[in-house]
Amino acid sequence: MTYTHISEVIEALPMPVLVVGADDRVRAVNTALVDILGGELVGKHYISALRQPAVVESITTLRGGGPASNVRYSSRDGAKDTTYRVTISAAGDDIVLSFEDLTASEDAGKMRRDFVANVSHELRTPLTALMGFIETLGGAARNDADARDRFLAIMAHEASRMTRLVDDLLSLSRVEEDERVRPREHVDLSALLGSVIKGLEPQAQEAGVTVILDAAETTEMVPGDAGQLVQVFTNLIENGIKYGAQGKRLNVTVHPSGTDLRLRSKAIQISVADKGEGIASHHIARLTERFYRVDSHRSREVGGTGLGLAIVKHIVNRHRGRLQIESELGQGTTVSVFLPI
């Protein structure tokens, strides 16, 4: 087969491919392979072109009469590490290397492992506390009424924390399942926000926070899932009450609609702004990660599970909107949701 014919064939393949000729030099590559290894590979010895020992060893083994094999090839795409499975097999006197990108599946596997580890950690702490108190109540504190009441109160708190965590995990699962299905209802944001704020009045009063809703100019309806949007704004307003209580005031504003350049459509912005202590800039990009907390101890104290903003992000994505978090230390935090109309 001529060089031109080989090049045409491998160029039509969807995966990166490299062909090593009988003289152990690169005979042909396709465009997808050039994106990984760079250009000017044709004519180079395969050791110079590929360099990684596992790949070179497999080619040498195959050239010596050994079997076809699969090996890992590590590369880098900009700032991101990439991993490929390279299938090395003979085609007459040539050796063909095809590269399968495993990066996405390996990232997904790592996310699953991290998720399981985080859930296990979150559940282990209250379970350990519960087991300790049960053991104490069954022994030394069996007849101590004061200790019994104190331990039972703590056990109720830890059980409640586990319940909230399980509820949020189930909620996250449902949201992820529906994320590709766009909502078709139409929602009155002013009425929805008023209802959410009314439901959170006891928490706001306990924290000494006044929640002010400014939605006077809002008459437009937005396509959305009312139940999920209640989840979004309950979470954001509740966070403002819990973590921005020092400012004693929480402003919820529905801005007049306008064209959002990032969404490339007309959208309405709802912002929740507190005057609390603010968040350092290096935390902001990670706030929507599962179980990420700026202050783990404080978050657990106020009943946070570390999943709230992850749920918010998925719901906003389902609504084809976007989430924006702005904060400055000592100046408070503003979280905005942009929903397309």
At a threshold of 8 angstrom on Cα-Cα distance, excluding pairs fewer than six apart, so keeping six or more, what relative contact order does the range 1-42 reach in percent?
35
Per-residue ellipticity at 222 nm attributable to helices in the chain (runs of n ≥ 4 DSSP H, -39500 (n - 2.57) apiece, nearest 500 deg cm²/dmol) works out to -14500 deg cm²/dmol
Computed over the chain, the relative contact order (Cα-Cα under 8 Å, seq sep at least six) in percent reads 11
I want to verify the translational diffusion coefficient of the chain in µm²/s; compute it with Stokes-Einstein, Rh as the Kirkwood radius over Cα pairs, at 20 °C and 1.002 mPa s.
87
Starting from the coordinates of the alpha-carbon atoms of the range 20-155, obtain the Kirkwood hydrodynamic radius over all distinct pairs and give the value in Å to one decimal.
19.5
Packing-ranked peptide list from 93-101, 179-187, highest mean Cβ count within 10 angstrom first, is 93-101, 179-187
What is the Å³ per residue value for the convex hull set by the Cα atoms of the range 197-250?
80
Tell me, how many Å apart are the Cα centres for the range 144-222 and for the range 105-141?
24
What helices does the chain hold that run 27 Å or longer along their axis, going by alpha-carbon atoms, with a Kyte-Doolittle average of -1.0 or more, using DSSP H for the helix calls?
103-137, 145-178
With 19 Å as the limit, write out which pairs from K80/K110; K248/K275; K80/K313 have Cα-Cα distances beyond it, or answer none.
K80/K313
Given springs between every Cα pair under 10 Å in a Gaussian network model of the chain, which of A140, A285, A267 has the largest fluctuation?
A140
Within the accessible area of the chain, what % is carbon and sulfur when the probe is 1.4 Å and the other protein chains stay in place?
52
Average accessible area per residue (Å²) across the chain - probe 1.4 Å, nucleic acids and ligands excluded
55
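The values are calculated or read from the model by the stated rules, or taken from the named source; none is laboratory data. A quick note: this is a predicted structure, and the numbers were derived from the prediction, not measured. No Cβ is skipped: glycine too gets one built from the backbone with ideal geometry, and neighbour counts run over all protein chains shown. Remember, those area values only see protein heavy atoms, side chains included, never the ligands or the DNA or RNA. Shrake-Rupley method; radii C 1.70, N 1.55, O 1.52, S 1.80 Å.
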